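Nothing in this text is a laboratory measurement; each read-out follows from the coordinates by a stated rule. Nothing here was measured: the structure is a model prediction, and the numbers come from that model. Note: ideal-geometry Cβ built from the backbone for every residue, glycine included; neighbour counts use all protein chains shown.
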Amino acid sequence: MARSTEANVSVFRSLDWITIGLYLLLVIGGAVSIYAASYDFDRASMFSFAEFSGKQFTWIGLSLILGCVILLLDYRLYEAYAYPIYGAVLLLLLVTIFIAPDIKGSRSWLVLGPVSLQPAEFGKFATALALAKLFDSYNFRLNAKISNYLRALIIIFIPICLILMQRETGSALVYLSLIFVLYREGMSGLVLFSVLCTVTYFVVAVKFASPLVLGLPLGEFTVLLLICLVFCLMLVFYCRDIYIARNVILGMVGAGIAVTIAALCDVPVPGLVFFLVMLGAAMIYVSLVMFHHQIQKFVITMAFAVVSVMFMFSVNYVFGTVLQPHQQMRIKVALGIEEDLRGAGYNVNQSKIAIGSGGLTGKGFLNGTQTKLKYVPEQHTDFIFCTIGEEEGFVGSVGVLLLFLALILRVIAIAERQRSPFGRVYAYCVVSYLIFHLCINVGMVIGLCPVIGIPLPFFSYGGSALWGFTILLFIMLRIDASRKERRD
């Protein structure tokens with residue numbers, strides 16, 4: 001008994017209290033913001049259970065108790081039971097598909113009497129534990145063989161598929177942020193570069209559907225130009241063959257000049273045929289020169305160009321057929337293609353009005369007219385940041401973002417001082433989730449991202465999200481507190 005008490009005292013002495021302090025500042029700031037967002041002039045107490053803020057303080061109290069329990073448990077339990085916890089949460093996600101009621105088109109909430117819980121929020125820490133356990137396996141290295149990549153991707157994509165079956169796209173997309181963990185553990189930067197190119201191609205192709213250039217929509221024409229540019233850049237910086245890159249660039253520039261002259265002379269030039277022939281000729285030339293002495297880089301460069309062209313042709317199909325009409329509208333509104341101020345764009349437009357009206361220093365606590373008059377839907381949940389922007393202004397908004405930045409940098413520092421892959425990978429999972437939630441939530445509130453229902457960590461109202469992030473953070477703190485006991 002004495003040893004157990006001494007161990008618990010040692011754990012609390014070793015805790016990263018800076019992280020706990022930042023956590024407390026964020027959750028208390030969140031509860032105050034929720035009170036401001038839901039205040040309706042009846043001067044009800046902030047701690048009244050009839051108010052959203054009172055309920056949030058209850059969730060905060062329960063979260064602190066849950067955090068203390070997590071800290072009192074032996075850190076070895078999280079590693080030993082990582083896979084069973086992951087399996088149990090996957091089973092819960094599967095059951096949710098069949099027993100959850102339909103709420104606004106989604107079957108992702110379990111109703112337990114007066115309380116509703118969203119299992120997808122708890123899937124985050126379970127997936128992080130399973131991924132950390134995999135990387136902590138004996139002699140496991142991500143780049144050692146393809147099967148290691150597959151095992152890691154399977155752990156990430158199973159919860160994504162189950163959550164998509166619940167018709168909860170936003171929560172499923174959060175798990176894609178774990179690609180940054182794989183990058184930290186040795187995944188090639190080409191994968192991140194490919195993701196960036198994919199997003200860029202999609203946005204450009206969808207946004208610029210007109211006018212026509214050489215018979216092609218401006219978006220497709222621009223994407224083909226980007227593919228040619230990326231192809232040349234890969235020859236320079238990836239293949240590191242300046243001679244080949246110079247010849248390809250000169251050939252493409254020459255062909256472009258010839259086509260421009262032809263177009264000015266009113267000679268019809270089919271743009272698609274031109275680009276495909278030019279890219280095909282460049283690939284044939286590169287294959288003849290590079291094939292024998294840089295076969296791996298040759299194959300990757302060729303595949304990148306071919307897949308890019310194929311992706312461009314698939315954009316219209318994916319956007320027009322795979323995505324639902326409301327998803328298409330949200331993307332169009334985010335890209336500025338359509339305004340739809342009474343439909344899909346209403347929330348974002350009202351949110352931007354609220355934030356803009358706050359100015360530099362804001363209107364003052366409880367003095368925000370847009371939020372008090374309920375012009376912004378979901379302003380105490382997904383759009384809580386607009387309340388901060390209106391009442392605290394630019395200064396308050398930057399202050400909140402700096403708090404998040406401090407927490408993210410602190411978690412990165414904790415990750416880098418871990419003595420085992422388990423602690424390091426788990427901490428980077430926490431960082432990835434935080435960055436994704438922060439960027440997407442703030443982005444959709446100010447109109448830079450489509451509205452996909454991503455809460456602002458520790459600020460948005462809701463027990464599931466608060467508990468999910470509390471469990472994530474405190475498991476990391478418990479592992480970190482015992483880092484000196486772990487093997488090198």
Problem set entry | Sequence-separation-based contact order of the chain, relative, with Cα cut under 8 Å and 6+ spacing, percent | 24
Exercise. Does the range 210-331 come out rounded, prolate or oblate, given a ≥ b ≥ c as the square roots of the eigenvalues of its C-alpha gyration tensor, rounded meaning a/c under 1.5 and, failing that, prolate meaning a/b above b/c?
Worked result: oblate
Exercise. Between Ile65 and Val318, what is the FRET efficiency for a Förster distance of 45 Å, r being their Cβ-Cβ separation, to the nearest 0.05?
Worked result: 0.50
For this session: Counting only C-alpha contacts under 8 Å and six or more residues apart, can you give the relative contact order of the range 88-146 as a whole percent?
Result: 23
Seminar exercise, completed: Computed from the beta carbon distance with a Förster radius of 56 Å, FRET efficiency for Val95 and Ile261 to the nearest 0.05 stands at 0.25
For this session: Treating the angle as unsigned and between 0 and 90°, give the value, to the nearest 10°, between the Cα long axis of helix 119-135 and the longest Cα principal axis of the chain.
Result: 70
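When the convex hull of the Cα atoms of the range 372-429 is projected onto a plane and the area is averaged over all directions, what value comes out in nm²? Show your work: numbers first, answer last.
On the way: hull surface 19.6 nm².
Reported value for the Cα convex hull: 4.9 nm².
Based on Cβ point charges of +1 for Lys and Arg and -1 for Asp and Glu, what charge dipole magnitude is obtained for the chain about its Cα centre, in debye rounded to the nearest 20?
Rounded to the nearest 20 debye, it is 1060 debye.
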Exercise. Points 7 angstrom from Cα along the Cβ direction at Tyr285 and Ser116: gap in nanometres?
Worked result: 6.0
Seminar exercise, completed: Dividing the helical contributions, -39500 (n - 2.57) per DSSP H run of n ≥ 4, by the residues of the chain yields a 222 nm value, nearest 500 deg cm²/dmol, of -23000 deg cm²/dmol
Problem set entry | Where only C-alpha atoms are counted, convex hull volume of the chain per residue in Å³ | 180
Problem set entry | From phi via Karplus (6.51, -1.76, 1.60), per-residue ³J(HN,Hα) for the range 423-437 in Hz, x at Gly/Pro | x, 5, 5, 4, 4, 5, 5, 4, 4, 4, 4, 4, 5, 4, 4
Problem set entry | Positive dipole terminus of the chain, leading residue within Gly389, Ser116, Val248 (C-beta point charges) | Val248
Exercise. Along the range 469-481, what does the Karplus equation 6.51 cos²θ - 1.76 cosθ + 1.60 (θ = phi - 60°) give for ³J(HN,Hα), rounded to whole Hz, x for Gly and Pro?
Worked result: 6, 5, 4, 3, 5, 6, 4, 4, 5, 5, 5, 5, 5
Exercise. Projected onto the charge dipole of the chain (+1 at Lys/Arg Cβ, -1 at Asp/Glu Cβ, origin at the Cα centre), which of Ile408, Ala481, Val307 gives the Cα projection farthest towards the positive end?
Worked result: Ala481
Exercise. What residues qualify as long-range amide H neighbours of Val213, i.e. H under 5 Å apart, gap of 5 or more or another chain, H built at 1.01 Å from N?
Worked result: Leu218
Problem set entry | Violating pairs (Cα-Cα greater than 26 angstrom) within the set Lys124/Lys332; Lys124/Lys374; Lys124/Lys352; Lys145/Lys297; Lys104/Lys332 | Lys124/Lys332; Lys124/Lys374; Lys124/Lys352
Problem set entry | Computed over the range 406-488: relative contact order in percent, which uses C-alpha pairs under 8 Å that are six or more apart | 32
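Go ahead and run the numbers for FRET between Leu403 and Cys161, Cβ-Cβ distance against an R0 of 35 Å, rounding to 0.05. Don't skip to the answer; put the middle values down first.
Values: r = 34 Å, r/R0 = 0.98.
After rounding, the FRET efficiency stands at 0.55.
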Exercise. Using all Cα-Cα distances in the range 405-466, what percent lands in each 10 angstrom bin from 0 up to the longest?
Worked result: 22, 41, 29, 8, 0
